[in-house]
Amino acid sequence: MDISDLLGRFGLQDCAAAARSSTAQSPALKDGLVVETPIDGSPIARLAADDADGVAAKIAAAQAAFARWRLVPAPRRGEFVRMLGETLRARKEDLGRLVSIECGKILSEGLGEVQEMIDVCDFAVGLSRQLYGLTMPSERPGHHMREMWHPLGPVAVISAFNFPVAVWSWNAALALVCGNSCLWKPSEKTPLVALAVQALADETAARFGDDAPAGLSQVVIGGREAGERLVDDARVALVSATGSTRMGREVGPRVAARFARSLLELGGNNAGVICPSADLDLALRAVCFSAAGTAGQRCTTLRRLFVHEKIYRDLVPKLKKAYAGLSVGNPLEEGVLVGPLIDQGAYERMHYALDRARSQGGKIAGGERVGDAGYYVRPAIAEMPAHEGIVMEETFAPILYVFRYSRLDEAIAMQNSTAQGLSSCIFTRDVQEAERFLSAGGSDCGIANVNIGPSGAEIGGAFGGEKETGGGRESGADAWKAYMRRQTQTVNYSADLPLAQGVKFDV
Ligand code: UN1
């Protein structure tokens, strides 16, 4: 299907027409944002960006929407999210395809991302009847105490190109049932999918009726400045930002300076340990998906692999062979497993990292560019003599650094020695090894898996990581509490006024 037809299905036909008449180069914010597909680098749309006044008007609308939405009963708010999930179910094919076209992931993963949105909507609907607070026995006669969770305020979601819609939904589905309005600033590389989702949210709001105020969910289009306006505005109660640690170092302190909340999902440098007892065939498949899948552009991508010396000579050649067989190409074509990198910058950073690995004595297989339209690469394996230098950094590309280890403690210590702490995994059939990896002295990451790779998490578990990954948790478990304010309430239903701690104050 033609991209203009696809955009037309979300009411975005004008952006596609503007791309055809535009001569501006991406990203040229002044004259509007030009969107290129990484599939072949061609421009597919041109959008107007929000200027300072535009962003301010959206924040004001979000604040007005919040004032109304917070009073709508939570289960009714859940009904809105249920309907949004229904809309997404009905439009999964179109939206998944648009995700693939705009960010370059293979169609199955584009569709998977929309499925992740649907899953979190279902999860949030259930939550809308479970925003539980505690009741506490009071030490004073004739009193009762309880804690109450109230809506927080407008929530800003700043998302990255690689999960251009799912990450918004993790935040928005929960934020909406919690009684908040949402402002979404997508990556300037993937604004179209955000506008498409916005069209679906608007359609849902129209069906839902008057209880859904205008401005409940909005998209802000722009670059860094637009993000900064959301970060610095006192009306924005929570900034949930996904991106690099460098970005988080700016967002975190700025939000903290105004005593608002931030939820940060930053860099990862995820590792896997393959033990001698592992099912090597299973491990091999898991490594290929999590290191080469999504062209290495997940925050959960497997980047460092520790292989026990007893199996190294068996496993690594097999891994190289499997890598050589991975089909790299147009992500919309069946059978293709690895799509393009997002842009030239990503390609250059990959080559910089491979050069550094080589200069550190790394032995590299793969990494070559494939074709000349778009930035397609063969996923690379770099066998490294030492765990240092470039391997300590996150490079958002399909490079897997491989190391040999002899003792599990040593592998766990190396794994934990990076600044990031998102996801980790071990492959073993030995229960002692698995449990050591999962114990307090084991992996220091937010996610630790046994016999599956570090990527591809389900929405039912809290998602996020420690250290320079930022400490935030989205979806799963009790992540909803980040989107609400907690109030302790004490009610005196007696005619006396006893004071706590036995204090006397007779007047
Ligand atoms: C991300 O790359 O920002 O666990 C999120 C995963 C996906 C989410 C990745 N469910 O790989």
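The values are calculated or read from the model by the stated rules, or taken from the named source; none is laboratory data. What you see is a predicted model, and the numbers here were worked out from it, not measured in a lab. Cβ atoms come from the backbone with ideal geometry, glycine included; neighbour counts cover every protein chain shown.
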Go over the candidates E383, E368 one by one and state the one that is surrounded by fewer than 16 Cβ atoms within 10 Å (Cβ to Cβ) and either of a type in the set (D, E, K, R) or under 25 Å from the mean Cα position of the chain (by Cα) (or both).
E368
Pick from E147, E116, E139: which is charged (D, E, K, R) and in a helix (DSSP H, G or I)?
E116
Would you check if L266 is within 30 Å of E433 (Cβ to Cβ) and of a type outside the set (S, T, Y)?
yes
Check on G456, in a loop (DSSP other than H, G, I, E, B), at pLDDT 95 or above, at positive phi and within 16 Å of the ligand (Cβ to nearest atom):
yes
With surrounded by fewer than 24 Cβ atoms within 10 Å (Cβ to Cβ), polar (S, T, N, Q) and within 28 Å of I3 (Cβ to Cβ) as the only criterion, which of S169, S187 stands out?
S187
Return yes or no: is A434 under 12 Å from F306 (Cβ atoms), of a type in the set (A, V, I, L, M, F, W, C) and at pLDDT 95 or above?
no
Filtering region 461-475 down to residues that are within 11 Å of the ligand (Cβ to nearest atom) and not in a strand (DSSP E or B), which residue is nearest to G126 (Cα to Cα)?
S475
Any chance R303 is closer than 13 Å to F403 by Cα and within 16 Å of the ligand (Cβ to nearest atom)
yes
Single match in T418, T488, T428 (criterion: out of contact with any helix residue (DSSP H, G or I) (no Cβ under 8 Å at 6 or more places or on another chain), at negative phi and away from the ligand (no atom under 16 Å from the Cβ)):
T488
State yes or no: is R254 modelled with pLDDT of 95 or more and either within 16 Å of the ligand (Cβ to nearest atom) or closer than 11 Å to I158 by Cβ (or both)?
no
Checking the structure you have, find out if any residue of region 46-60 is surrounded by 19 or more Cβ atoms within 10 Å (Cβ to Cβ), aliphatic (A, V, I, L, M), part of a strand (DSSP E or B) and in contact with a helix residue (DSSP H, G or I) (Cβ under 6 Å, 6 or more places away or on another chain).
yes
Would it be correct to say that A386 is free of Cβ contacts under 8 Å to residues at least 60 places away in the same chain and either among the hydroxyl-bearing types (S, T, Y) or more than 16 Å from the ligand (Cβ to nearest atom) (or both)?
yes
Which one is farthest from I390 (Cα to Cα) among residues in region 261-293 that are within 16 Å of the ligand (Cβ to nearest atom) and among the polar types (S, T, N, Q)?
S290
Could you give every pair whose Cβ atoms fall below 8 Å, whose first residue belongs to region 467-495 and is at pLDDT 95 or above, and whose second residue is assigned to a loop (DSSP other than H, G, I, E, B) and exposed (fewer than 12 other Cβ atoms within 10 Å of the Cβ), counting only separations of at least 6 or pairs across chains?
S494/P141
Just name the residue that is surrounded by the most Cβ atoms within 10 Å (Cβ to Cβ) out of those in region 309-332 that are outside any helix (DSSP H, G or I) and touching a helix residue (DSSP H, G or I) at 6+ places or on another chain (Cβ under 8 Å).
P331
Return the residue satisfying two criteria in turn: it lies in region 98-114 and is without any contact (Cβ under 8 Å) to a residue 40 or more places away in the chain and over 14 Å from the mean Cα position of the chain (by Cα), and of such residues it is surrounded by the fewest Cβ atoms within 10 Å (Cβ to Cβ).
S108
For a quick check of your reading of the model, give me the residue pairs whose first member lies in region 298-314 and is touching a residue at least 60 places away in the same chain (Cβ under 8 Å), whose second is part of a loop (DSSP other than H, G, I, E, B) and among the aliphatic types (A, V, I, L, M), with beta-carbon atoms closer than 7 Å and at least 6 apart or on different chains.
C299/L422; T300/L422; T300/A457
Would you confirm, using the coordinates I've provided, whether F161 is within 15 Å of the ligand (Cβ to nearest atom), assigned to a loop (DSSP other than H, G, I, E, B) and of a type in the set (F, W, Y)?
yes
I'm trying to understand the selection: among the residues of region 183-240, which are among the acidic types (D, E), part of a loop (DSSP other than H, G, I, E, B) and touching a residue at least 60 places away in the same chain (Cβ under 8 Å)?
E188, D211, D233
